[in-house]
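Here is the structure we will look at, set down as structure tokens.
Please treat every number below as a calculation from the coordinates, not as lab data. What you are looking at is a predicted structure, and each value in this text was computed from that prediction instead of being measured. With ideal geometry, Cβ positions are generated from the backbone for all residues, glycine too; neighbour counts draw on all protein chains shown.
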Amino acid sequence: MSTLRIVSWNLWELRGDLAALVEAVQDLAPDVLLVQEAPRLVLPTTRLAWFARQVGLSVLVSHRGLAILATEAVAAQVIRRGAHPVAQVITDLNATYPRGVAAVRLSIPGGGAVVVGATHLALQEGNRLHHAEHLSALVRGAGAPVILGGDLNETAEGSARTFLAPLLTDPAEQTEHTFPAAAPTRRIDAILVTEGIAVRGARAVRSTSRVAEERLAGASDHLPTVLDVSL
């Protein structure tokens, strides 16, 4: 596990083109898949497990729409895993979607550890900022480098991203747009890293070897993001 490929993707609760979704993940071949909008309402555990089998990964954590999937090699390095909700101020129906954090702590062969997490920030700015404050405390207390991927619902200029910027940076070009998938104009999905992570590459995915742009846009309303790191 000297290198890791991490993919973060809002899966739109598996409502899109499932064949395109599965083929794209297979083509990207992540060691870790950070999921937002995993199935929540109808047989969520069964549907997520089905998807994990299709892409050759195991479910490490699943919590209220967030999930972390990984290869067997990564699963063998898990020291701890967990997830918890982040409270929101309910201002409208959009504020009722559950928000939280899911994370795993991995041992690095030869010594050390890295924390890999998934999150999904709110649509309301105030709730996003509260969530960012919560994430900041978690990162400061992690005691290891952190990789955090998610649907952040704002660009790098947003208040939550600005608050997190001293701790967590986006190594990809901000022109690597992710939303809306059919004609992306904003980068609101990203995989952020702390100091101590050696980044080999970071990008948004517009197509894969088997899934052209048009099909990928039908798999979800967001495009996936990829981060390659050395440990």
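Key figures for this structure:
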read-out	value
Label-point separation in nm, S136 to L41, each point 7 Å along Cα→Cβ	3.5
Order of I197, I90, I147 - criterion: other Cβ atoms within 10 Å of each residue's Cβ, fewest first	I90, I197, I147
DSSP bridge orientation in the chain - percent antiparallel, rounded to nearest 5	80
T175 versus E72: modelled label distance in nm, points set 7 Å from Cα along the beta carbon direction	4.3
The range 101-231 - charge dipole about Cα centre, Lys and Arg +1 at Cβ, Asp and Glu -1, debye rounded to 20	300
Counted charge near L216, where neighbours are those whose Cβ lies closer than 14 Å (Asp, Glu -1; Lys, Arg +1)	-3
5 angstrom amide H check on R186, placed H, neighbours 5+ away	T178, F179
Note, ³J(HN,Hα) from phi for the range 167-180, Karplus 6.51, -1.76, 1.60, rounded to Hz, x at Gly and Pro	9, 10, 10, 9, x, 7, 5, 6, 7, 7, 6, 10, 8, x
Neighbour net charge for A181 - beta-carbon separation under 14 angstrom, K R +1, D E -1	-3
Helix-derived mean residue ellipticity, 222 nm - over the chain, DSSP H n ≥ 4, -39500 (n - 2.57), to 500	-7000 deg cm²/dmol
Residue order, fewest to most surrounding Cβ atoms within 10 angstrom, among I191, I6, I79, I108	I79, I108, I6, I191
Inter-part distance where the range 110-150 and the range 1-54 are each reduced to a Cα centre, Å	20
Coil-residue GluC sites (Glu not before Pro) of the range 186-231, DSSP, other Cβ within 10 Å capped at 12	E195
Packing-based exposure ordering (other Cβ within 10 Å, fewest first) of L14, L21, L34	L14, L21, L34
Coordinate range along principal axes, alpha carbons of the chain, Å, largest first	46, 40, 36
Net charge, T71 excluded, C-beta distance under 12 Å - Lys, Arg +1, Asp, Glu -1	-1
Cβ charges +1 (Lys, Arg) and -1 (Asp, Glu), total dipole of the range 3-230, debye	580
